[in-house]
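The values are calculated or read from the model by the stated rules, or taken from the named source; none is laboratory data. Note that this is a predicted model, so its numbers are computed, not measured. Note that each Cβ is placed from the backbone with ideal geometry, even for glycine, and that neighbours are counted across all protein chains shown. The accessibility values were calculated without ligands, DNA or RNA, using every heavy atom of the protein model including side chains. Shrake-Rupley method; radii C 1.70, N 1.55, O 1.52, S 1.80 Å.
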Amino acid sequence: MEIVAQLAQRYSLNEARVTHRQNLVLPHVKQDDVYTVWEALQDAGLAASNIGLVSDSIACPGMDYCSLATARSVPVAQRIALRFSEEKQREIGPLSVNVSGCINACAHHHVAHIGILGLDKGGQESYQITLGGRSDQQAALGKILGPSVSYEEVPEVIEALVDIYLKERQGSERFIDTYNRVGIAVFKEALSHAV
């Protein structure tokens, strides 16, 4: 954050913004300075070009940081991101994955292509997966995929969903378009991959 603050002070009129997708923006940077700012971010390990990809997920603070949460969310998002190489993410293309740690839905899991809602089932963390949500001009709420899965199973199920998408997509079709074309039943197979 100190590096971001220094860059904002020097190049961005002392301003840094956080988008609703939890990305930082340095507004007002002169075009002549963009490369210099990028180099500084690259040196600090902050220049990932993953906007809109699997690793660019939205996660609420979850029970690690929020007293309302019933399940972890940040570690879930991290474990999913680690499951996909940069090359694989580029092959997958645009895919929103949002992880909420409770029914308050602070990460807006219900409008993600793949939504993950953390629940407490008898004192155990459990995660409900939804598919088909979107927050663009064709806004839609995701539909529940099936029974919830454990914390350990979430990354494997997400990978299985992505594998099904890659098998079913036509050409460079996006996940949400493939989902809308084939429907949720095809994706239910992913739950059988759970440990």
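Remarks
- Of all residues in the range 53-65, those satisfying the criterion of being under 24 Å from residue 113 (Cβ atoms) and part of a loop (DSSP other than H, G, I, E, B) are 53, 54, 55, 56, 57, 60, 61.
- Which listed residue, of 103, 3, is open to solvent by 20 Å² or more (accessible area, probe 1.4 Å), out of contact with any Gly (no Cβ under 8 Å at 6 or more places or on another chain) and touching a residue at least 40 places away in the same chain (Cβ under 8 Å): 3
- Flag: residue 64 does not match the condition of being more than 25 Å from the chain's Cα centre (by Cα) and either under 23 Å from residue 175 (Cβ atoms) or open to solvent by 20 Å² or more (accessible area, probe 1.4 Å) (or both).
- On the stretch given as the range 18-51, residues that are open to solvent by less than 80 Å² (accessible area, probe 1.4 Å) and of a type in the set (D, E, K, R) total 3.
- Whenever a residue of the range 167-182 is more than 14 Å from residue 91 (Cα to Cα), its partners that are among the aromatic types (Phe, Trp, Tyr), lying with C-beta atoms within less than 8 angstrom and at least six residues away or across chains, give the pairs 178/165; 179/165; 179/187.
- Scope the range 23-52; condition in a loop (DSSP other than H, G, I, E, B) and either of a type in the set (A, V, I, L, M) or closer than 11 Å to residue 11 by Cα (or both); matching residues: 26, 27, 28, 29, 30, 44, 46, 47, 48, 51
- When 90, 83 are screened for being open to solvent by 40 Å² or more (accessible area, probe 1.4 Å), in contact with a Leu (Cβ under 8 Å, 6 or more places away or on another chain) and among the basic types (Lys, Arg), only 90 passes.
- Filtered residues of the range 1-22 (kept if in a loop (DSSP other than H, G, I, E, B) and over 23 Å from the mean Cα position of the chain (by Cα)): 12, 13, 14, 15
- Among the residues of the range 159-175, not a single one is open to solvent by less than 10 Å² (accessible area, probe 1.4 Å), in a strand (DSSP E or B) and at pLDDT 95 or above.
- Residues of the range 125-158 satisfying the condition of being over 19 Å from residue 175 (Cβ atoms), in a loop (DSSP other than H, G, I, E, B) and not small (Gly, Ala, Ser): 147, 151, 152, 153
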